[in-house]
1. Residue under question is Gln120, and the condition is that it be within 30 Å of Phe93 (Cβ to Cβ) and either open to solvent by 40 Å² or more (accessible area, probe 1.4 Å) or more than 11 Å from the ligand (Cβ to nearest atom) (or both); does it hold?
2. Can you give me the number of residues within the range 20-36 that are open to solvent by 20 Å² or more (accessible area, probe 1.4 Å) and either of a type in the set (A, V, I, L, M, F, W, C) or free of Cβ contacts under 8 Å to residues at least 60 places away in the same chain (or both)?
3. Inside the range 92-117, can you point out the residues that are of a type in the set (Gly, Ala, Ser) and surrounded by 17 or more Cβ atoms within 10 Å (Cβ to Cβ)?
4. Of everything in the range 60-72 that's open to solvent by 60 Å² or more (accessible area, probe 1.4 Å) and touching a residue at least 12 places away in the same chain (Cβ under 8 Å), which residue is nearest to the ligand (Cβ to nearest atom)?
5. Could you tell me which of the residues Arg77, Arg89 is charged (D, E, K, R), open to solvent by 30 Å² or more (accessible area, probe 1.4 Å) and more than 16 Å from Gly28 (Cα to Cα)?
6. I need the helices (runs of 4 or more DSSP H) fully contained in the range 76-144, keeping only those with at least 3 residues that are of a type in the set (S, T, N, Q).
7. Restricted to the range 129-143, and to residues that are more than 13 Å from the ligand (Cβ to nearest atom) and without any contact (Cβ under 8 Å) to a residue 40 or more places away in the chain, which residue is surrounded by the most Cβ atoms within 10 Å (Cβ to Cβ)?
8. Take Ala54 and tell me if it is more than 16 Å from the ligand (Cβ to nearest atom), without any contact (Cβ under 8 Å) to a residue 40 or more places away in the chain and part of a helix (DSSP H, G or I).
Amino acid sequence: MSKPIPPRPGASAVRTRLAEILRVDHAGELGAVHIYQGQRAVLGAAKGRERIAAQLEEMEGHEAVHLARFDALLNERKVRPTLMTPVWRVAGFALGAGTALMGEKAAHACTEAVESVIEQHYAGQIAELSEQEPELAAQLSQFR
Ligand SMILES: [Fe+2]
């Protein structure tokens, strides 16, 4: 008699992990958009800060594109966004506005810190997904 074939590390486990990844990434992009909105709310209003206001607006635009892409991915894969969505909005905005109130340097430091964390975070996911979800891994490389 042949031995029963042990279940493969199930498709459902992979799906759960994938949902987790997409949900976290979506929250991250949502947070990023709101950090820039918070920074713009402060620096965009200040006289003589037109240059940085324009830069922030441009960066917010990039993050909005990322967010829209994750909105679509969540839809495609039938993954619900995190229940913390409202918290991310407020926390992102507060972080952006707070660091902007400390000045342009603090605002830049905040952006750089967040971006370097996100960069590492995506690098880990890309490595994890490259075999099973090469297409998604390729998309994530674009967001880095
Ligand atoms: Fe992004």
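The values are calculated or read from the model by the stated rules, or taken from the named source; none is laboratory data. Values in this document were obtained by computation on a predicted structure and should not be read as measured data. When we count neighbours, we look across all protein chains shown, and the Cβ atoms used for this are built from the backbone with ideal geometry, even at glycine. Note: accessible area is taken over every heavy atom of the protein model, side chains too, but ligands, DNA and RNA are not part of it. Shrake-Rupley method; radii C 1.70, N 1.55, O 1.52, S 1.80 Å.
1. On the way: within 30 Å of Phe93 (Cβ to Cβ): yes; either open to solvent by 40 Å² or more (accessible area, probe 1.4 Å) or more than 11 Å from the ligand (Cβ to nearest atom) (or both): yes.
So Gln120 passes the test.
2. So the first thing to find is which residues in the range 20-36 are open to solvent by 20 Å² or more (accessible area, probe 1.4 Å), and the list is 20, 23-24, 28, 34.
Retained after the next criterion (residues that are either of a type in the set (A, V, I, L, M, F, W, C) or free of Cβ contacts under 8 Å to residues at least 60 places away in the same chain (or both)): 20, 23-24.
Adding up the residues that qualify gives 3.
3. Gly92, Gly96, Ala97, Ala100, Ala107
4. Arg69
5. Working: Arg89 fails: more than 16 Å from Gly28 (Cα to Cα).
Among Arg77, Arg89, only Arg77 is charged (D, E, K, R), open to solvent by 30 Å² or more (accessible area, probe 1.4 Å) and more than 16 Å from Gly28 (Cα to Cα).
6. Helices (runs of 4 or more DSSP H) meeting the threshold: 104-129, 134-143.
7. Among residues in the range 129-143 that are more than 13 Å from the ligand (Cβ to nearest atom) and without any contact (Cβ under 8 Å) to a residue 40 or more places away in the chain, the one surrounded by the most Cβ atoms within 10 Å (Cβ to Cβ) is Ala137.
8. yes
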